[in-house]
Amino acid sequence: PFRETSFIVAGISPDCGRLDFVVRGARAIGKRGFPQVGLFREYAVSFRPARRESGLATLLSLELERTHDDLAKNMDGYLSVCAMTQSILRRSQPFLEMPEFWRALSTALTRLESKTGGEPECSLALLVFLRENGLLPARVPFAEHLDALLDYACRPEARLPELPPDYLTRVSAWIRAAFDRIA
């Protein structure tokens with residue numbers, strides 16, 4: 001909540017990275033409509049950049065392009081994506097482009113709508129974030145599969161490579177530990 005009638009909404013854009021908006025009048029529900037802003041929805045937006053040190057842009061218009069509402073049917077996946085995006089929003093800076101992470105997030109949301117659980121999609125999206133921001137160590141224990149895992153994370157049509165049992169569990173644990181080490 002922000003003031004009497006507005007909300008502060010954070011989002012991720014491929015071209016602008018993290019965006020923090022003031023959505024004026026969003027709390028005033030009336031004859032004109034119900035607020036559209038929701039978790040894990042993709043929008044085309046226009047905004048006025050922040051004028052002050054607050055860093056909050058003002059949302060001018062938004063058009064819903066895609067929903068991931070079926071994610072609610074996969075509670076484990078939903079909770080995993082909530083935790084991941086909260087961590088990303090805390091660790092990212094406004095207006096730093098994240099096109100690869102945005103593609104990985106969109107791909108993860110699409111996949112999680114039609115399955116149960118939240119792994120490996122969320123961990124692999126974190127892997128993309130680490131790589132895109134130059135935070136991925138030079139030596140990773142799964143170097144022979146790195147390109148295939150990054151491809152799977154960013155392209156919905158890509159297939160997960162054939163891996164030994166429990167391999168993805170170990171890879172996911174390594175990714176999460178590497179992500180947790182960044183401030």
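Across segment 127-164, the qualifying residues are those that are in a loop (DSSP other than H, G, I, E, B), without any contact (Cβ under 8 Å) to a residue 12 or more places away in the chain and of a type in the set (A, V, I, L, M, F, W, C), and the one among them that is farthest from residue 93 (Cα to Cα) is 158.
For segment 85-106: of the residues being under 22 Å from residue 157 (Cα atoms) and free of Cβ contacts under 8 Å to residues at least 60 places away in the same chain, which is surrounded by the fewest Cβ atoms within 10 Å (Cβ to Cβ)?
Step one: filter segment 85-106 for residues under 22 Å from residue 157 (Cα atoms), giving 98-106.
Adding the requirement that they be free of Cβ contacts under 8 Å to residues at least 60 places away in the same chain leaves 100, 104.
Values: 100: 18, 104: 26.
In this case the residue turns out to be 100.
Summed over segment 11-42, residues that are open to solvent by 50 Å² or more (accessible area, probe 1.4 Å) and either of a type in the set (D, E, K, R) or at pLDDT 85 or above (or both) total 6. A single member of 168, 130, 150, 109 is of a type in the set (A, V, I, L, M, F, W, C), in contact with a strand residue (DSSP E or B) (Cβ under 9 Å, 6 or more places away or on another chain) and either open to solvent by less than 40 Å² (accessible area, probe 1.4 Å) or on the phi < 0 side of the Ramachandran plot (or both), and it is 109. Taking segment 112-127 as the range and being closer than 15 Å to residue 84 by Cα, open to solvent by 10 Å² or more (accessible area, probe 1.4 Å) and not acidic (Asp, Glu) as the test, the residues that pass are 117, 120.
The values are calculated or read from the model by the stated rules, or taken from the named source; none is laboratory data. Everything numeric in this text was worked out from a predicted model, so none of it was measured. So basically every Cβ, Gly included, is an ideal-geometry build from the backbone, and we count neighbours across all protein chains shown. SASA here: full protein model, heavy atoms, side chains in, ligands and nucleic acids out. Shrake-Rupley method; radii C 1.70, N 1.55, O 1.52, S 1.80 Å.
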